[in-house]
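Here the structure is laid out as structure tokens; the discussion comes afterwards.
Values in this text are rule-based calculations from the coordinates and carry no lab data. It should be emphasised that the depicted structure is a prediction, and the values quoted were computed from it without experimental measurement. Every residue, glycine among them, receives a Cβ derived from its backbone with ideal geometry; neighbour counts consider all protein chains shown.
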Amino acid sequence: MLLSGRGRLITHLLVWLLIATLMFYLISSVRPMGEAAGRTFLNLSFPVVIFYLNGRVLVNRFFEKQRYWAWAFYSIVLWLGAAALRTKAEIDIFGGTIFNAGQAPDDGGWKIFLVICLIFFILLVFSGLYQLLENRRELETLHVEAQLNYLKAQINPHFLFNTLNNIYAAATIQHPKTAEMVLRLSDLLRYVTYDAQAEKIPLQKELDHIKSYIELFQLKSESPLPIQFEVVGDVSKCVIEPLLLLPLVENAFKHSDLEVNPEGLLNIQLKIEPGFLQFFIENTFDPNDRQKDDVGGVGLMNITRRLEHHYTNRHHFLTKAERNLFRAELTLHQQY
């Protein structure tokens with residue numbers, strides 16, 4: 001399980017403390033205590049800077065965003081620059097290695113430089129792999145967390161209860177579509193609970209469940225509500241991360257005033273063109289209704305976080321609330 005922020009910090013501190021203790025013990029066996037303390041600090045400070053600067057900055061800012069040439073350039077600068085500074089500090093401060101301190105190296109320090117280069121190269125590789133692994137584990141955690149958050153915060157309990165009540169009412173009068181209503185609700189809950197565990201799903205599957213969601217919501221009203229859902233383009237070859245569009249629809253229903261506003265509306269449009277997918281949704285809401293959460297809420301924050309990790313540099317997500325109209329627009333570029 002991925003450690004929390006505090007747990008990860010404590011673990012890192014303990015590891016570095018253990019390395020410093022072991023390093024000090026070994027150096028103090030051949031050099032005076034004061035010099036051993038200084039060498040321990042010098043030997044540890046460079047690896048600490050390289051480890052976190054390479055992982056947290058270079059890997060995250062360049063490699064993970066597919067800017068490989070920039071990552072390679074800055075990694076080489078960090079690698080050779082740190083090795084040169086470390087070699088100069090070794091010679092200027094201590095005059096040489098622990099085995100010949102005070103004696104200037106005959107080769108000008110090139111052997112020391114090459115040894116340090118090898119050590120720092122191994123450290124760069126290790127820190128990069130560690131950061132990539134940590135990022136992947138965090139993505140898996142966020143994916144599961146998004147599913148759980150959707151179940152806990154996204155699905156409006158009132159919607160579910162009202163839907164079940166409507167289905168019960170339909171059953172009491174033997175409505176011909178009662179069985180279909182129950183099946184549709186079951187499919188929707190199965191999709192949210194089980195099918196959404198996949199990394200990618202066919203876009204059509206998400207759209208089918210959006211349609212089911214809309215149809216279930218219509219059960220709450222005796223007359224059809226002004227809801228428009230339009231799909232433009234061929235979606236047959238498109239795949240998408242599950243539960244990426246459905247929460248936007250649920251959020252619109254949750255905050256809309258369709259049932260009380262005669263002029264209310266909810267418009268949903270999905271557009272597919274070569275190179276991008278665009279999902280647009282707008283709904284009216286009552287800005288004076290304090291019983292509902294603020295427009296957006298947890299759902300939009302979850303979507304934003306998932307987009308940043310799964311569609312880095314390949315998405316645009318905009319939301320805007322103006323008077324009594326809320327709009328959300330999501331664009332996914334290239335491969336969805």
Subject >> Segment residue 271-residue 323, length gained on full extension (0.36 nm per residue, minus Cα span) >> reply: 16.1 nm
Original post:
Which FRET efficiency, nearest 0.05, do residue 173 and residue 308 yield, Cβ-Cβ r, R0 51 Å?
Top reply: 0.55
Original post:
Can you list the aspartates and glutamates whose alpha carbon sits under 13 Å from that of residue 205, skipping same-chain ones fewer than 8 residues off?
Top reply: 187, 195, 241
Original post:
Given H placed 1.01 Å from N in the peptide plane, which residues other than close sequence neighbours of residue 240 have an amide H under 5 Å from its amide H?
Top reply: 201, 203
**OP:** Would you mind checking which residues have amide H under 5 Å from residue 231's amide H? H placed 1.01 Å from N; only 5 or more apart, or other chain.
**Re:** 270
Subject >> Kirkwood-based shape ratio for the stretch 5-139, expressed as Rg/Rh from alpha carbons >> reply: 1.02
Subject >> Fully extended contour minus Cα-Cα distance, from residue 19 to residue 288, at 0.36 nm per residue >> reply: 90.9 nm
Original post:
For residue 111 and residue 69 in one chain, what is 0.36 nm times their gap in residues minus the Cα-Cα distance, to one decimal in nm?
Top reply: 12.2 nm
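When Lys and Arg each count +1 and Asp and Glu each count -1, what net charge do the other residues less than 15 Å away from residue 316, Cβ to Cβ, add up to?
The answer is +2.
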Subject >> Relative counts (whole %) of C-alpha pair distances in the stretch 155-333, using bins that are 10 Å wide >> reply: 9, 36, 37, 16, 2, 0
Original post:
Using the count of nearby Cβ atoms within 10 Å as a rough guide to exposure, how do 250, 273 rank from fewest to most?
Top reply: 273, 250
**OP:** At 7 Å along the Cα-to-beta-carbon direction for both residue 211 and residue 301, put a label point, then send me their distance in nm to one decimal.
**Re:** 3.5
Subject >> Under the Karplus curve 6.51 cos²θ - 1.76 cosθ + 1.60, θ = phi - 60°, whole-Hz ³J(HN,Hα) for the stretch 234-241, x wherever Gly or Pro sits >> reply: 8, 9, 5, 9, 8, 10, 8, 5
Original post:
Could you name the aspartates and glutamates in cross-link range of residue 320, using Cα to Cα under 20 Å and dropping any fewer than eight places away on the same chain?
Top reply: 250, 257, 263, 282, 286, 289, 293, 294, 308, 329
Subject >> Pairwise FRET efficiency - residue 199 versus residue 52, Cβ, R0 = 45 Å, nearest 0.05 >> reply: 0.95
Original post:
Taking R0 as 45 Å, what's the FRET efficiency between residue 76 and residue 190 from their Cβ-Cβ distance, rounded to 0.05?
Top reply: 0.30
